1. So how far apart, in nm, are the two label points at Arg188 and Asp161 if each is 7 Å from Cα heading toward Cβ?
2. For a quick protection proxy, order the peptides 111-124, 92-105 by their average other-Cβ count within 10 Å, most packed first.
3. Give me the distance in nm between label points sitting 7 Å out from Cα along the Cα-to-Cβ direction at Asp246 and Arg18, one decimal.
4. Rounded to the nearest 0.05, what FRET efficiency do Val174 and His67 have when you use their Cβ-Cβ distance and R0 = 22 Å?
5. Based on Cα positions only, what radius of gyration and what Dmax would you give for the chain, in angstroms?
6. Which value, in Å to one decimal place, does the Kirkwood hydrodynamic radius take for the range 1-99 when every pair of different Cα atoms is included?
7. Hey, what did the range 3-284 get for relative contact order, percent, Cα under 8 Å, at least 6 apart?
8. For the range 72-119 and the range 12-52, what is the separation of their C-alpha centers, rounded to whole Å?
Amino acid sequence: MTDLEMIKRFQDTRKRVRENMGKVKHKIAVISGKGGVGKSTFTVNLAIAFAAKGHMERVGILDADFHGPSVPKMLGAKGQMIQSDDGRILPVIGPMGIRVVSTEFILPDENTPVIWRGPLKMNAIRDFLSEISWGELDFLLIDLPPGTGDEPLSIAQLLPDLDGVIVITIPSQVSQLVVKKSVNFARRLNLPVIGIVENMSGFICPNCGTKVDIFQAGGGRKIAEELNIPFLGSIPIDQRICEDADNGKPFILEHKYSPATEAFMEIVDKIEKYLEAQDMLRENS
């Protein structure tokens with residue numbers, strides 16, 4: 001294939017994606033520099049929060065973590081399969097009408113590994129964006145694997161109108177070091193950085209309410225200030241977050257008045273204000 005043919009093929013792909021994504025108002029990618037920081041848990045609860053705040057049945061999640069898809073289990077949708085109807089490929093419907101697409105839904109069983117090189121991953125992301133009948137959505141959240149490899153690069157190339165990325169970190173210095181790489185990755189690709197979230201920010205004792213900084217404190221805010229990007233907030237450790245994820249029950253619905261939920265909802269408010277401001281800028285431009 002010649003260079004011109006490759007360029008034409010890529011342009012055609014972007015056109016199909018743009019047409020299929022035309023009814024999706026906001027597209028947000030959730031990224032992290034390293035694994036184990038609670039990125040997927042954050043994505044699931046963000047989707048639930050949007051749905052609960054007046055966007056029922058108008059929120060979608062694309063689980064682009066092909067090698068470790070966990071979104072279906074967290075939403076209680078594990079074991080379901082993608083269906084087709086009248087030639088359309090339909091996402092799985094989770095709680096509160098959230099539309100979900102994941103490689104988990106196309107594997108023969110939960111123990112089947114995904115052994116794909118870069119081109120296969122890009123093809124899968126392209127198909128998920130261009131062939132799935134997402135319908136009219138207010139928000140599409142894209143849960144990406146850790147790092148700055150094939151999957152986030154494919155999203156950046158296929159969705160030039162991405163509203164931005166949210167970077168998830170934890171208070172440890174190791175996590176903070178790789179946050180810079182994620183932010184610089186977004187900046188090099190001209191992706192807006194909505195802000196940084198510090199997850200697992202201290203443990204609040206369920207008996208006495210005392211907060212203990214198991215790792216450190218303030219690392220997320222410090223690196224946000226250093227990089228001159230918004231700090232969205234800190235979410236404390238709550239053992240029920242893990243329990244609810246394992247049981248397929250979104251934490252913020254099960255424990256509406258916990259400190260972690262309150263912190264999470266404050267973060268959601270900041271994200272909504274950011275998106276509203278961006279919408280106003282577009283309207284006035």
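1. 2.7 nm
2. Ranking, from highest mean packing down: 92-105, 111-124.
3. 4.8 nm
4. The value I calculate is 0.55.
5. Reported Rg and Dmax, both Å: 18.6, 67.
6. About 15.8 Å, per the Kirkwood formula over Cα pairs.
7. 23 percent
8. 15 Å
Every read-out reported here was derived from the displayed coordinates using simple, explicitly stated rules and does not represent laboratory data. The structure presented is a predicted model; accordingly, all values stated were derived computationally and were not measured. All Cβ positions, even for glycine, are placed from backbone atoms using ideal geometry, and neighbour counts span all protein chains on display.
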